[in-house]
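In what follows, a structure is listed as structure tokens, so that the remarks can point back to it.
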Amino acid sequence: LLRMLPADSELAEIQSFEGRVEDLIPAERFFLEVTSVPRLRQRLEGLLFILDFQHRFLDIRQNLEVFYLACTETSRSQRLKTVLGTILAIGNYLNGTSTRGAASGFRLAILPKLNDTKTADNSTSLLGYAVAYMVKKFGESAVRFFEEIPNLELGSRFAETVFEDFTKLKSELDSLNAEIQRSEYKEGVLPGDKFKSIAEQFHVQAAKYVESLSKTKEAAMGAFNRLAKGFCEPLGPHELLDTLQRFSKGLQATLVERQRKADEELKRKAEKEKLDQLKKRRRASVAGPTADSFMQPIEMLDFVDVPVSTMFTVCV
């Protein structure tokens, strides 16, 4: 219906019509009829908001909960602390006694760039070196911090819009409440008008839901503020989680590449061993039989069932 409502120019033209209704085509009659309903567009928008409210509420609540989990999991991850501490130590070693050496921390923004810093022979990256060092010293499981933060990817994605979605939902609910206070909705203005009573009943319940959602939002922001404070980073929710997520993806890719190279090395060694054995057999066959091969015992024939007369031939 919202898409079918007449434009303002059409509405002014219809309202100025003074002829016979019978002379109008069906579409024009429809336009003429809807113009008799005060604030029809606002009514339809309010009804649409009422119909969509529960779905939007559930989506926002779920996204806030995932964001909260992502922040909490990140704060509690011991593996992440190990990884970051090792990267700091490697950075201090590389910087030596320069002004950048002996640092007590670093900005998270450098993490996604570690994979772009290559060695002199371009055989690996700084991230690849750090991963190899940590795997050797702590074991691969200690490097896989992303397993302790399963909600990081979704939390990063939801952080970009969830707070705006909450603000918009609350604003639209306030707008609906303000709308039904207008004089156009007073009893008697439009006979049989039930919009105000329906909207008022909905607002009472919806306000409670929004209040509970507000508490969920405060808990989520509290978890994020604790996380940001721990990192000493003045980053927003999406920026901070997205930085960690991109670093996580780069580290996972490095582990996959490391495993691929290890598998290739095992395959190469197996093929080399197989080739060496084949060459050894070929050399043995070219050299011919050895003296030992003539000293092998000859298997005894089974003479048990053979007559003695057939075993020997007597020459006269």
message = I'd like the distance between the alpha-carbon centres of the range 226-255 and the range 35-68, rounded to an integer number of Å.
response = 33
key: the range 12-140, accessible area per residue, ligands and nucleic acids excluded (1.4 Å, Å²)   = 63
ask   = By a straight-distance test (C-alpha under 29 Å), which lysines pair with Lys186 as possible cross-link partners, with residues fewer than eight away in the same chain excluded?
value = Lys168, Lys170, Lys194, Lys196, Lys208
request  = Let me have the 222 nm mean residue ellipticity of the chain computed from DSSP H runs of 4+ only, each contributing -39500 (n - 2.57), with the sum over all residues rounded to the nearest 500.
outcome  = -22500 deg cm²/dmol
query = How much area per residue is accessible in the range 178-243 when the probe is 1.4 Å and only protein heavy atoms are counted (Å²)?
reply = 60
key: Carbon + sulfur, % of accessible area of the chain - ligands and nucleic acids excluded, 1.4 Å   = 55
remark   = Hull volume per residue for the chain, using the convex hull of the C-alpha atoms, in Å³ is 477
Kirkwood Rh, angstrom, the range 82-220 [1 / mean 1/r, Cα pairs] = 20.6
remark   = Taking the dipole of the range 169-215 about the Cα centre (Lys, Arg +1; Asp, Glu -1; charges at Cβ), the one of Asn177, Ser197, Tyr209 that reaches farthest to the positive side is Tyr209
message = Let's see if you can work this out: charge +1 on each Lys and Arg Cβ, -1 on each Asp and Glu Cβ, no other charges. What is the dipole magnitude of the chain about its Cα centre, in debye to the nearest 20?
response = 1960
remark   = Once the in-chain neighbours fewer than 8 apart are removed, the lysines whose Cα is under 19 Å from Lys118 read Lys249, Lys261
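The values are calculated or read from the model by the stated rules, or taken from the named source; none is laboratory data. Owing to the predicted nature of the structure, the values given are computational and were not obtained by experimental measurement. Positions of Cβ are generated from backbone atoms using ideal geometry, with glycine treated the same way; all protein chains shown enter the neighbour counts. Accessible surface is based on the protein model in full, side chains and every heavy atom, while ligands, DNA and RNA are left aside. Shrake-Rupley method; radii C 1.70, N 1.55, O 1.52, S 1.80 Å.
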